[in-house]
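To start, the structure under review is shown below, and the notes come after it.
The values are calculated or read from the model by the stated rules, or taken from the named source; none is laboratory data. Everything quoted here is computed from the prediction, not taken from an experiment. Cβ coordinates were reconstructed from backbone atoms using ideal geometry, including for glycine residues, and neighbour counts include every protein chain displayed.
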Amino acid sequence: MERPVWAPRSIDITVPSVSRICDFYLGGAHNFEADREAARKALAFLPGLPKIVQANRAFLRRAVRFAVDEGVTQFLDIGSGIPAFGSVHEVAQAARPGARVVYVDHDPVTVAHSQTVLEGNDAADVVAGDLLEPRDILTSAQVERLIDLNRPVALLLVAILHFVEDADDPYRAVAELRDALAPGSLLVLTHASYEGIPLPSERAGGVVDVYKDIRNPLIMRSREEIARFFEGYDMVEPGLVPMPHWRPETAPEDEDPYAFSGFAGVGRTA
Amino acid sequence: MIAEPDGPEDRLRRFATIWSRAVFPVTTTSSTRPEFEEQLLPLARRLSEALRARSFDADQGRVVGAALVDAHCTDPEALSRTLDCVDAYLVLYCGGDGDPEDLRARSARLQHAMAAGYAQALRERTLAEQEAIAQAALRAQGVVAQALHASEARFRAVFEGAAIGIGIADLDGNVLQVNRALTRMFGVSEQTLRGRNVTRWTHPDDAPQLWRLYQELIRGEREHYHVEKAFHRPDGTVLWTNLTVSLLRDADGNPQYQLALMEDTTERRLLNLRLRYEATHDALTGLPNRSFFFERLEKAVNAGPGQRFGLCYLDLDGFKAVNDSLGHAAGDRLLVEVADRLQACATAPGEMVARLGGDEFVALTTGPDTRQAVDELATRIMNALLAPVSIDGRELTVRGSIGVVEGPAGERSPAEVLRSADITMYRAKSAGGNRFELADPEADARTITRHGLTTALPTALDRGEFFIEYQPLVHLGDGSVRGAEALVRWLHPQHGVLGPDRFIPLAEHTGLIVPLGRWVLEQSVRQAREWRERCGADAASAPLRINVNLSPCQLTDPGLVRDTVEILERAGVEPDALCLEVTESALIGADDDLLKPLRRLADMGVDIALDDFGTGYSNLANLRRLPVSILKLDRSFTRGMQQFPADPVDLKIVEGIVSLAHSLDLAVTVEGVETGAQAEQLKVLGCDTAQGWYYARPGPPERLHELALVDATG
């Protein structure tokens with residue numbers, strides 16, 4: 001007979017994980033063969049994928065520093081993935097010692113690994129949670145311990161929303177999170193899109209198929225659709241732009257062409 | 001540090017810039033290229049110094065190679081580009097003025113060492129990361145397994161601890177798993193139930209559609225079904241359940257298992273049966289009761305064409321006397337015995353016996369021809385009653401009257417059938433009882449049913465269907481008419497004139513006796529005034545008095561005294577013109593509360609007569625405390641004086657009573673005087689007043705007046 005709904009899923013490392021695939025793109029070894037196999041297939045369609053991931057991380061780094069400069073020192077990073085070099089807590093705590101960070105991921109392996117990495121760091125923690133259940137995240141012990149929701153929070157939704165299908169209504173979850181945040185909070189967001197990929201979209205579509213095959217569909221959205229996630233936020237300059245154009249520290253023209261795939265932006269609640 | 005243009009420091013930085021530009025595109029660092037260059041600068045310095053150190057140390061190359069891995073240059077292309085860069089530019093930018101040949105050799109050895117250091121560091125990093133992610137997977141697995149274990153433990157606890165029985169079987173019907181509640185219901189072990197096949201669990205009471213539903217479920221055509229189902233328990237008893245069976249499908253939606261949830265309803269069902277039994281059976285005798293009988297009668301009279309029914313309606317003769325004389329407990333035991341005997345009379349299929357209430361029983365027989373069957377049934381019942389019933393050592397003779405109705409189904413309603421049986425039973429009773437009579441529609445129409453009279457009573461009073469006849473009371477001493485007893489009659493529109501014995505008990509039963517009694521009193525008192533007015537001239541004769549009967553119900557009516565006084569005053573009649581007759585039995589055991597109104601009336605001057613004296617068992621000594629002034633001797637005492645010579649015992653008794661009465665200052669009236677000899681005898685015995693056919697039958701008031709006039713003139 002079927003397992004009751006309240007029993008958790010079991011761990012199956014023969015099923016590829018988006019977090020570990022991403023780690024592989026970044027040259028990490030926090031992955032298994034099943035992850036690498038899927039990653040290789042995706043790379044065959046889109047060899048620049050690591051550059052896109054790298055651009056994401058570079059943007060994240062700039063955005064975290066921006067947040068700290070703006071006086072926001074609490075970070076809620078949903079869909080944090082495998083902590084790699086230049087993680088949010090590293091960047092934030094380097095810029096402002098004691099900055100608070102809570103990572104949220106729904107993959108139990110990622111959560112377990114994050115726990116090891118964060119051991120001894122009193123200002124950072126990780127919680128197993130699902131973007132689609134904002135209330136569970138906001139009422140978790142970790143968030144209650146580290147994040148003061150009466151003060152501004154930087155909500156990081158970096159490279160996660162393109163893994164949520166419209167049927168699951170990601171806009172509702174994002175709005176629900178926004179409503180829980182104090183005025184002056186920031187939404188830091190990146191999202192995949194066919195716009196900006198230096199390849200015909202048929203080719204890039206092969207990547208979408210790969211993610212579909214591993215039951216973790218990749219949803220490409222238009223700039224307009226992505227902009228809707230910022231409803232209720234005032235866009236921070238320069239608005240929703242390709243990643244290298246967001247407050248660059250070096251000349252964007254030096255960036256890899258793939259880095260311009262998709263969009264990034266930061267919004268501030270009134 | 002400010003670099004002097006083209007000085008050693010400036011050249012070192014230029015080398016680092018070239019290096020970072022070469023490698024940065026193949027790193028995955030999130031740092032910017034200038035930041036990356038800052039990371040490479042100390043490495044470049046280390047290489048530069050190793051190149052020019054007095055004693056050469058190739059291990060510096062290993063350190064730099066390892067540091068590349070730490071700077072996240074994990075793509076081997078980063079090493080390749082690094083070595084290209086070192087090979088081409090290290091000596092050029094950092095060699096200074098050393099021996100070119102020596103510098104090139106040192107550079108080559110540094111490159112080899114860097115490759116080795118890089119490879120080793122990358123290998124260690126890779127192993128460490130693999131180890132870390134494997135550990136994480138293992139821990140996550142542990143967490144999940146724990147949660148799963150907890151959830152399964154919870155699930156198992158629910159399964160095992162559930163109050164309802166739960167069982168799982170495969171699609172072939174083989175029982176795979178059952179919980180404790182289920183094993184308890186069946187009263188067997190889990191092992192016994194497991195492996196059994198549910199398709200064998202048939203029961204004669206299974207609903208006809210049950211196994212069709214089962215097949216539909218197994219085929220995946222229905223998701224669940226709900227039935228009431230009985231199971232055989234190994235101990236031979238029956239388990240009744242509320243059963244819900246659901247289909248469980250696998251992840252692809254194919255039928256996989258069947259899940260049964262069952263609730264033990266055996267107790268509830270028994271309770272329902274018992275409640276049903278109690279609602280349909282008589283508590284005293286255990287026979288079916290009136291409502292159950294009506295259900296069956298309804299079925300019988302509405303049965304299909306060709307079906308007939310026969311009904312015996314039995315009423316015991318003289319049962320009231322048993323109750324009155326021996327008490328209700330004895331009466332109940334008699335009824336139980338009769339019920340048992342009747343039960344034994346109706347054992348054939350289609351026959352039933354029921355108790356309608358009191359001492360009324362019915363026996364029903366049904367079938368295609370009940371003409372002979374009902375006759376035999378009635379005969380059996382009569383025979384069953386022949387043997388006396390022994391109660392408390394007494395042998396009681398039981399007699400009954402039966403009304404028999406027989407006929408085809410579909411012609412009459414149950415109520416009509418029962419009415420006909422009731423009438424016929426009364427016919428049997430009035431013919432002397434201890435017999436059965438067959439219903440006769442014409443006789444039915446003529447027969448007055450108690451029911452009919454009871455329902456007609458209230459309107460009869462309104463319509464003025466009652467009238468009063470008067471029977472003279474004659475003074476034995478001088479033969480003069482002293483008064484009359486008022487006797488109420490009912491002129492029934494269909495049945496003609498009815499005597500009080502026909503309707504007074506019914507009026508008492510329904511409470512109508514109070515208004516009826518008041519009406520009689522009013523009429524009689526008005527009549528008394530009329531007589532007095534007419535005789536007023538003859539002052540010589542004593543004024544005529546009126547005797548009115550009071551029923552026991554009227555005695556307890558709180559308005560009795562008030563009504564009586566009001567009636568007398570309105571008519572302008574003195575209280576001493578009225579005599580109220582109360583039966584002896586009504587006053588037996590009467591307490592002061594009951595006597596109080598009588599006493600008040602007596603104090604006002606109303607005479608109170610003790611009627612039917614001698615039929616009850618009153619204590620003669622009791623007479624003293626009763627507010628009576630007249631004894632009316634029951635007619636049974638005078639019967640013995642109709643012959644000549646009179647019965648000496650009766651004479652003695654009457655003489656004794658008269659003597660006693662007179663000593664208590666009570667007058668004695670005798671009833672039922674039919675001959676002159678009687679009248680003479682009673683006069684000799686000292687009786688004061690008499691009434692009877694010898695003097696006059698009850699009649700209209702005018703006749704009494706005439707008699708009185710005759711008497712006065714004669």
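Computed quantities for the displayed model
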| read-out | value |
| --- | --- |
| Breaking point among (1) touching a Leu at 6+ places or on another chain (Cβ under 7 Å); (2) more than 10 Å from chain A (Cβ to nearest Cβ), for B:Thr74 | (2) |
| Residue check, B:Arg139 out of contact with any strand residue (DSSP E or B) (no Cβ under 9 Å at 6 or more places or on another chain), over 30 Å from A:Ala63 (Cα atoms) and at the interface with chain A (Cβ under 10 Å from one of its Cβ atoms) | yes |
| In the range B:505-530, the residues that are surrounded by 20 or more Cβ atoms within 10 Å (Cβ to Cβ) and within 40 Å of the chain's Cα centre (by Cα) | B:Ala507, B:Ile513 |
| Enumeration of residues in the range A:68-97 that are in a helix (DSSP H, G or I) and hydrophobic (A, V, I, L, M, F, W, C) | A:Val68, A:Val88, A:Val91, A:Ala92, A:Ala94, A:Ala95 |
| Qualifying residue in the range B:411-420 (condition: within 23 Å of B:Ala321 (Cβ to Cβ) and surrounded by fewer than 21 Cβ atoms within 10 Å (Cβ to Cβ)) | no |
| Residues of the range B:237-272 classified as within 14 Å of another protein chain (Cβ to nearest Cβ), of a type outside the set (A, V, I, L, M, F, W, C) and not in a loop (DSSP other than H, G, I, E, B), total | 6 |
| Close pairs (9 angstrom Cβ cut-off, 6 or more residues apart or separate chains): without any contact (Cβ under 8 Å) to a residue 60 or more places away in the chain in the range B:282-298, in a loop (DSSP other than H, G, I, E, B) anywhere | B:Ala283/B:Asn289 |
| Odd one out for A:Asp166, checked against (1) surrounded by 14 or more Cβ atoms within 10 Å (Cβ to Cβ); (2) under 26 Å from A:Ile52 (Cβ atoms) | (1) |
| Residue among B:Ala373, B:Ala378, B:Ala300 that is under 31 Å from the mean Cα position of the chain (by Cα) and either outside the structural domain of B:Ala428 (by TED's automatic domain parsing) or not in a strand (DSSP E or B) (or both) | B:Ala300 |
| Any pair with Cβ under 7 angstrom, 6 or more apart, that starts in the range A:34-50 at a residue that is within 16 Å of A:Asp213 (Cα to Cα) and ends at one that is of a type outside the set (A, V, I, L, M, F, W, C) and not in a helix (DSSP H, G or I) | A:Ala34/A:Thr14; A:Ala34/A:Pro16; A:Asp35/A:Pro16; A:Asp35/A:Ser17; A:Ala38/A:Pro16 |
| Any hit, the range A:208-224, residues being of a type in the set (S, T, N, Q) and not in a helix (DSSP H, G or I) | yes |
| Near pairs, Cβ below 7 angstrom, 6+ apart or cross-chain, from the range B:208-236 (in a loop (DSSP other than H, G, I, E, B)) to any residue that is among the β-branched types (Val, Ile, Thr) | B:Pro234/B:Val188 |
| Close pairs from the range B:525-552: first within 30 Å of B:Leu512 (Cα to Cα), partner modelled with pLDDT under 90 and among the aromatic types (Phe, Trp, Tyr), Cβ under 6 Å, at least 6 apart | B:Leu544/B:Trp531 |
| Among the candidates B:Val64, B:Val91, B:Val69, residue that is within 11 Å of chain A (Cβ to nearest Cβ), part of a helix (DSSP H, G or I) and in contact with a Lys or Arg (Cβ under 7 Å, 6 or more places away or on another chain) | B:Val69 |
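Table: residues versus (1) within 14 Å of chain B (Cβ to nearest Cβ); (2) surrounded by fewer than 18 Cβ atoms within 10 Å (Cβ to Cβ); (3) closer than 20 Å to A:Tyr25 by Cβ; (4) in contact (Cβ under 8 Å) with a residue 40 or more places away in the chain.
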position	(1), (2), (3), (4)
A:Leu76	no, no, no, yes
A:His89	yes, no, no, no
A:Ala94	yes, yes, no, no
A:Thr116	yes, yes, no, no
A:Val127	yes, no, no, no
A:Ile137	no, no, no, yes
A:Asp148	no, yes, no, yes
A:Ala154	no, no, no, yes
